[in-house]
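Working notes, structure below.
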Amino acid sequence: MKKFGLKQLDWYIIKQFLGTYIFAIILIISISVVFDINEKIDKFLKPEVTLSAIIFDYYMNFIPYFANLFSALFTFIAVIFFTSKLADNSEIIAMLASGMSFKRLMLPYAISAAIIALFTFILNAFIIPPANITRIDFQNKYIKNKAVDYANNVQLEVEPGTIAYFGRYDDKSKMGYRFSLEHFEGKQLVSRLTATQIKYDTLYQWQVIDYMIRDFDGMREYISSGSRKDTTLAIIPSDFLISVNDCETMTTPELATYISRQKKRGIGNIQSFEIEYHKRYAAIMAAFILTSIGASLSSRKIKGGMGLNIGIGLGLSFSYILFTTVTSTFAINGYVSPMVASWIPNIIYTFIAIYLYQKAPR
């Protein structure tokens, strides 16, 4: 049986890999949902929370989010489990004894890892972010509100040469206070608008209240004022009201656009968005690295049996997740760049994968 140049043995390994991966997801997600329900049962029993909202708004979006978040762990568990089973049944020994090299044995593993990596990236980049909007809205409304609805001392570049400042902005009332808008030509200030209040209307439409405009022409200054004035500003409140979960609601192209725009405007607290962006690409490589580690580690038939391999594998996978969390924290605190923080775990575990691959049976 040959399809796409693969032998029957290759298809057997691919089916075992992907089947175990899906089984691990179902098993661990089921346990996670039970624990999550137990933790939030008091919130779910509120009269205003409907059963349909819990199922369709929260859990139907929570399950793919959680599964994708720990895809690396599920991949590792799947490889360790079914490869240890093959080794324990002496199937690996039989494959190598028939003349198959360990490098050739890794081909179906690599194909399976590529399928998982592609599937994970598509989910991460385009499908899960829109679903996260519904899930996070449910959490903010019924469980714990983590939305940011006010900001103090906000300064950002509206467009080249135009700087806006809010002393305070309250998203509930859509009102800003102690607002100023300055226009520069080079380093020369040519106009400055100040207002006691500014109200957000619709997309890019604002209204300044009790304002004064000072225009500068050389040594001359022209002053005008009024009670209300409609104006268009290329900013919206979400540009500076940044919640911790906002990065999870953006597709990868939206993340790239948002990061670029915020950097141009001089907004600095976007490390979580940059980390999320780079982690989505790092996850592709992680699938191959952890697959290589798992296969190399568990392909040997050892005295401790399958349980020892699974224990070592779980330890390595959890250390990978922990290491990823620690480096992300360093990036948020400004100790390393988000890109470096996202790729350091992959780089270190690549060396582990190479070492284990060299020690694998031949």
* Would you check if S243 is surrounded by 17 or more Cβ atoms within 10 Å (Cβ to Cβ), over 30 Å from Y21 (Cβ atoms) and outside the structural domain of I80 (by TED's automatic domain parsing)? => yes
* Asked: Only one residue in F179, F138 is crowded, with 17+ Cβ neighbours inside 10 Å, under 30 Å from S52 (Cβ atoms), at pLDDT 95 or above and not aliphatic (A, V, I, L, M). Which one?
  -> F138
* Asked: Scanning the range 264-302 for residues that are of a type in the set (D, E, K, R) and touching a residue at least 40 places away in the same chain (Cβ under 8 Å), which turns out surrounded by the fewest Cβ atoms within 10 Å (Cβ to Cβ)?
  -> K264
* Taking the range 219-263 only, how many residues are free of Cβ contacts under 8 Å to residues at least 12 places away in the same chain and over 27 Å from the mean Cα position of the chain (by Cα)? -> 5
* **Test: K40 is assigned to a loop (DSSP other than H, G, I, E, B) and more than 27 Å from I302 (Cα to Cα)** => no
* **Enumeration of residues in the range 82-108 that are small (G, A, S) and surrounded by 17 or more Cβ atoms within 10 Å (Cβ to Cβ)** => S84, A87
* To do: For A286, state whether it is in contact with a helix residue (DSSP H, G or I) (Cβ under 6 Å, 6 or more places away or on another chain) and modelled with pLDDT of 90 or more.
  => yes
* What pairs come up if the first residue lies in the range 347-358 and is at positive phi, the second is among the polar types (S, T, N, Q) and surrounded by 14 or more Cβ atoms within 10 Å (Cβ to Cβ), and their beta carbons are under 6 Å apart, counting only those six or more places apart or on different chains? -> none
* To do: Specify which of the listed residues (I235, I223) is loosely packed, with under 13 Cβ neighbours inside 10 Å, in contact with a Lys or Arg (Cβ under 9 Å, 6 or more places away or on another chain) and either among the hydrophobic types (A, V, I, L, M, F, W, C) or not in a strand (DSSP E or B) (or both).
  => I223
* Structure fact -> R261 vs (1) crowded, with 20+ Cβ neighbours inside 10 Å; (2) not assigned by TED's automatic domain parsing to the domain that holds Y65: all pass except (1)
* **Selection within the range 201-218 - more than 19 Å from A234 (Cα to Cα) and either under 33 Å from the mean Cα position of the chain (by Cα) or outside any strand (DSSP E or B) (or both)** => G218
* **So I41, is it over 24 Å from A286 (Cα atoms) and either over 19 Å from the mean Cα position of the chain (by Cα) or outside the structural domain of R280 (by TED's automatic domain parsing) (or both)** => yes
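Results for (1) among the charged types (D, E, K, R); (2) modelled with pLDDT of 95 or more, shown as yes or no for each residue.
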{"site": "A53", "(1), (2)": "no, yes"}
{"site": "F76", "(1), (2)": "no, no"}
{"site": "F81", "(1), (2)": "no, no"}
{"site": "S84", "(1), (2)": "no, no"}
{"site": "N89", "(1), (2)": "no, no"}
{"site": "S98", "(1), (2)": "no, no"}
{"site": "K103", "(1), (2)": "yes, no"}
{"site": "M106", "(1), (2)": "no, no"}
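The values are calculated or read from the model by the stated rules, or taken from the named source; none is laboratory data. It should be emphasised that the depicted structure is a prediction, and the values quoted were computed from it without experimental measurement. Because the Cβ atoms are built from the backbone with ideal geometry, glycine has one as well, and the counts that use them run over all protein chains shown.
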